[in-house]
Structure formats: structure tokens, C-alpha cells
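Report on the following structure.
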Amino acid sequence: MKVEQILQKSRENMNDLCKSCPVCNGRACRNTIPGPGAKGSGTVAIRNYDAWKNIHLVMDTICENTPVSTQTNLFGHTFRLPVFAGPVGAVSMHYGDAYVDQTYNKVLIKACKDAGIMAFTGDGMDDQIMIGATQNIKENDGIGVPTIKPWAKEMVVEKLKLAKEAGALAIAMDIDAAGLPFLKGFVPPAGRKNVKELKEIVQEINVPFIVKGILSVKGALKAKEAGASCIVVSNHGGRVLDDTPATADVLEEIVQAVGKDMTILVDGGIRNGQDIFKALALGADGVLIARPFVNMIYGAQEEGVKALVDQLEQELIDTMEMCGASTIQEITRDMVR
Ligand SMILES: Cc1cc2nc3c(=O)[nH]c(=O)nc-3n(C[C@H](O)[C@H](O)[C@H](O)COP(=O)(O)O)c2cc1C
């Protein structure tokens with residue numbers, strides 16, 4: 001099945017909150033939460049998408065016609081392309097009860113591994129979500145990234161233990177989840193964390209620590225000071241604060257400030273191979289794509305994930321061919337404007 005057909009199926013299997021649009025650009029769901037939309041005015045998800053469209057590709061086909069490879073080494077592992085499925089939690093509430101987080105993550109983790117990429121998994125109030133996700137990651141040779149919410153210390157320690165036992169390649173925390181309404185009233189209090197608290201997490205683990213939800217140079221430098229190996233430039237798809245800038249608009253300044261010592265990933269409205277190429281040209285090492293993977297799984301389980309990854313790979317190869325790059329390392333800043 002092609003991605004368009006899978007989207008059609010996805011529409012049939014979802015509640016009406018997600019319309020499984022041909023292009024997931026934040027417009028039809030706008031400010032629907034519950035649902036896959038963005039917070040407040042709902043404009044941030046739209047801005048994320050539009051910002052990639054405002055970056056243009058610089059074509060150059062006068063070069064060696066060598067075969068194009070999208071292979072990338074990240075977190076000590078070789079991936080088919082520098083794309084990860086982003087974490088999505090509370091799927092039954094936001095997309096309909098064809099899946100709960102446990103069944104969604106089980107399909108996602110394996111399907112991503114089989115397709116040559118890797119999934120990040122979300123976290124929630126129910127302990128079983130992280131227990132299930134880490135079990136699935138273990139069954140898939142550690143190819144998965146559990147993303148822990150910024151809970152109180154004791155709870156973080158418990159979840160880190162699960163992630164470590166699973167042999168996960170890396171462990172993430174969505175530090176911007178401080179903006180989620182359900183975290184605000186949580187007892188014991190969850191939310192923002194300081195550099196010292198993040199350092200303690202880094203000391204607890206012996207795999208890369210990824211801080212997801214960085215949107216400023218200041219934030220990136222604090223994550224670096226804490227010893228994080230990787231940041232995800234992200235505004236949580238507009239779900240944690242209204243009126244933030246698009247991730248594409250802050251990526252380059254963050255890359256320049258942080259330098260080459262950290263792995264830099266980015267998400268928010270990245271929908272095709274051209275967008276992936278643009279992110280890499282601006283200095284990212286890889287990207288996360290979140291909402292479209294949900295549509296693929298609701299539409300066609302593993303087959304949906306494979307179809308999307310195949311399509312993204314083909315689009316990225318096309319773009320590289322047309323802009324003069326044969327390897328991911330050869331993608332440079334002058335290839336976009
Ligand atoms: C319904 C929904 C649930 C999400 N749950 C999580 C989560 O549990 N943890 C997390 O780090 N990010 C979560 N996100 C944010 C995504 O991982 C991602 O950062 C965001 O959607 C932007 O990427 P996209 O535009 O490709 O969807 C969620 C997003 C959506 C739409």
C-alpha cells in the first residue's frame with residue numbers, strides 16, 4: 001500500500017480529532033487537544049511546517065554521478081537514514097481507541113527497527129507505559145529511546161532503571177513537558193529541572209542522554225553544561241506553549257552556539273525528504289518525525305511504517321542527487337537558502 005492509501009485507512013480507524021490529512025501541517029487540527037493539535041491559538045504547529053517550506057533547495061547537478069547513500073551513524077549504530085519516529089503518548093485519547101500506548105509502542109519499535117530506523121517512545125501517568133516500552137525495546141536489541149517526563153527525582157530514577165535494564169541505545173527526557181497541563185498539578189511535583197538535576201541523570205546512566213525540547217541557545221548551552229550528549233530542537237509540536245518560534249528558525253543559531261560536540265536532532269513539521277535535507281543542511285545530525293507515524297500505524301501497522309520510511313528515503317535520495325550530495329556528510333549549508 002502507498003502512503004496515500006494508508007492515510008485513507010487511518011482516517012477510518014481514528015476518532016474525528018485527527019483527519020489524517022494528505023499533508024500533516026497542523027491546519028485541520030489547529031488547537032485540538034485532546035487531539036493532535038497545538039496549544040492555544042494552534043499556530044505553532046502550522047508555523048513549524050511553513051518554516052521548512054520557506055527554506056529553498058539549491059540545485060546543482062554538475063558533480064560525480066556516484067551512488068547516493070543515506071546511511072548514518074548515530075548513538076553508535078548505523079541507521080538507514082537519519083530519521084527517528086518521535087515519541088507520542090496517550091494515543092487513545094488523542095487519536096482513538098484502536099491503540100493504547102502499549103500496543104502502539106510495541107508495533108512502532110519493531111516496525112522502525114525492521115525499517116532500519118529507530119523509535120522514541122512517550123511516557124505517561126500510567127507506569128505500565130514505560131514498563132511496556134522498555135520491554136519492547138529490550139526485545140528489539142535496545143533499538144529504541146524511552147523518553148521520560150521530567151517527574152520528581154525518585155520517579156525518574158525508577159524509569160531510568162527500566163531504560164537501563166532494557167539496554168536502550170540512548171535515553172531521553174522531554175524537558176519541555178513542563179508545559180503540559182497534566183504535569184502541572186502532579187504530586188510529587190513534576191516540571192522544570194535545573195542543570196544540577198540533569199547532571200545527576202547523566203551520572204546515573206552510561207548511554208547518551210538526550211534532552212528533548214530545546215528552543216534557544218541558552219537552553220542548549222545548559223543542556224551541554226549538564227553533560228547531555230544530544231538535544232532535540234523541538235517545541236513539542238506546539239503543544240506546550242503558544243507563540244513560540246518555528247524549530248527551523250532557531251536550529252542554525254543553536255547549531256552554531258553548541259558546536260560539534262553534541263548530536264543535534266530537530267523536529268516539528270518535518271514531512272518529507274526535502275525537509276529532512278534542509279534540516280541536515282542547517283546543521284542537524286538527524287530529525288524526528290512524530291504525528292505522521294501515528295497515521296501510518298493506525299492505517300496499516302508495520303506496513304504503514306515501512307511505506308513511510310521507504311517514501312522518505314526515496315525523497316531524500318532524490319534531493320541529495322539534485323543538490324550535489326552523495327553522502328549525508330556531503331550535505332552542506334550552501335545547499336539551502
Ligand atoms: C498526540 C501527541 C502526543 C505526544 N506525546 C509526546 C510524549 O509523550 N513525549 C514527547 O517527548 N513528545 C510528545 N509529543 C511531541 C512529539 O514527539 C514531537 O515533538 C512533535 O509532535 C513535533 O513533531 P511532528 O510535527 O513531526 O509531530 C507528542 C505529540 C503529539 C501530537
Original post:
Do you know which residues across segment 269-283 are open to solvent by 10 Å² or more (accessible area, probe 1.4 Å) and among the small types (Gly, Ala, Ser)?
Top reply: Gly283
**OP:** Starting from segment 116-143, take each residue that is part of a loop (DSSP other than H, G, I, E, B) and list its partners that are modelled with pLDDT under 95, counting only C-beta distances under 7 angstrom and pairs at least six apart or across chains.
**Re:** Met125/Phe182
Subject >> Hits in segment 298-311 (condition: within 15 Å of the ligand (Cβ to nearest atom) and farther than 16 Å from Ala115 by Cα) >> reply: Tyr298
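Gly26: within 15 Å of the ligand (Cβ to nearest atom) and among the small types (Gly, Ala, Ser), yes or no?
Numbers: within 15 Å of the ligand (Cβ to nearest atom): yes; among the small types (Gly, Ala, Ser): yes.
Against the criterion (within 15 Å of the ligand (Cβ to nearest atom) and among the small types (Gly, Ala, Ser)), Gly26 qualifies.
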Original post:
Pairs, please: C-beta under 9 Å, at least 6 apart or cross-chain, first residue farther than 15 Å from Glu313 by Cα and outside any loop (DSSP other than H, G, I, E, B) and in segment 61-85, second modelled with pLDDT of 95 or more and aliphatic (A, V, I, L, M)?
Top reply: Leu74/Met118; Leu74/Leu169; Leu74/Ala170; Leu74/Leu265; His77/Met118; His77/Ile143; His77/Leu169
Subject >> From Thr61, Thr78, Thr66, Thr32, residue being in contact with an Asp or Glu (Cβ under 8 Å, 6 or more places away or on another chain) and open to solvent by 10 Å² or more (accessible area, probe 1.4 Å) >> reply: Thr61
Original post:
When Asn295 is evaluated against the numbered criteria (1) over 18 Å from Arg333 (Cα atoms); (2) at pLDDT 95 or above; (3) away from the ligand (no atom under 15 Å from the Cβ), which criterion, by number, is the only one it fails?
Top reply: (3)
Original post:
Restricting attention to segment 279-337, which residues are touching a helix residue (DSSP H, G or I) at 6+ places or on another chain (Cβ under 6 Å) and among the polar types (S, T, N, Q)?
Top reply: Asn295, Gln301, Gln311, Thr319
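Answer yes or no as to whether Gly259 is surrounded by fewer than 19 Cβ atoms within 10 Å (Cβ to Cβ) and on the phi > 0 side of the Ramachandran plot. Step through it out loud before you land on a result.
Numbers: surrounded by fewer than 19 Cβ atoms within 10 Å (Cβ to Cβ): yes; on the phi > 0 side of the Ramachandran plot: yes.
Answer is yes for this residue.
Being more than 17 Å from Asp16 (Cβ to Cβ) and surrounded by fewer than 19 Cβ atoms within 10 Å (Cβ to Cβ) is the filter here, so list the residues in segment 91-101 that pass it.
Within segment 91-101, the first condition is being more than 17 Å from Asp16 (Cβ to Cβ), and the residues that meet it are 100-101.
Within segment 91-101, Val100 is the sole residue that qualifies.
If you take the residues in segment 125-151 that are within 22 Å of Ile214 (Cβ to Cβ) and not β-branched (Val, Ile, Thr), which one is most open to solvent (accessible area, probe 1.4 Å)?
Filtering segment 125-151 for residues within 22 Å of Ile214 (Cβ to Cβ) gives 144-151.
The next check asks that each one be not β-branched (Val, Ile, Thr); those that pass are 144, 146, 149-151.
Values: Gly144: 0, Pro146: 0, Lys149: 17, Pro150: 0, Trp151: 0 Å².
By that ranking, first place goes to Lys149.
The values are calculated or read from the model by the stated rules, or taken from the named source; none is laboratory data. This one's a predicted model, so the numbers in the text were calculated from it and none came from an experiment. As a convention, Cβ positions derive from the backbone with ideal geometry for all residues, glycine included, and neighbour counts pool all protein chains shown. Side chains are part of the model used for accessible areas, which takes the heavy atoms of the whole protein and leaves out ligands, DNA and RNA. Shrake-Rupley method; radii C 1.70, N 1.55, O 1.52, S 1.80 Å.
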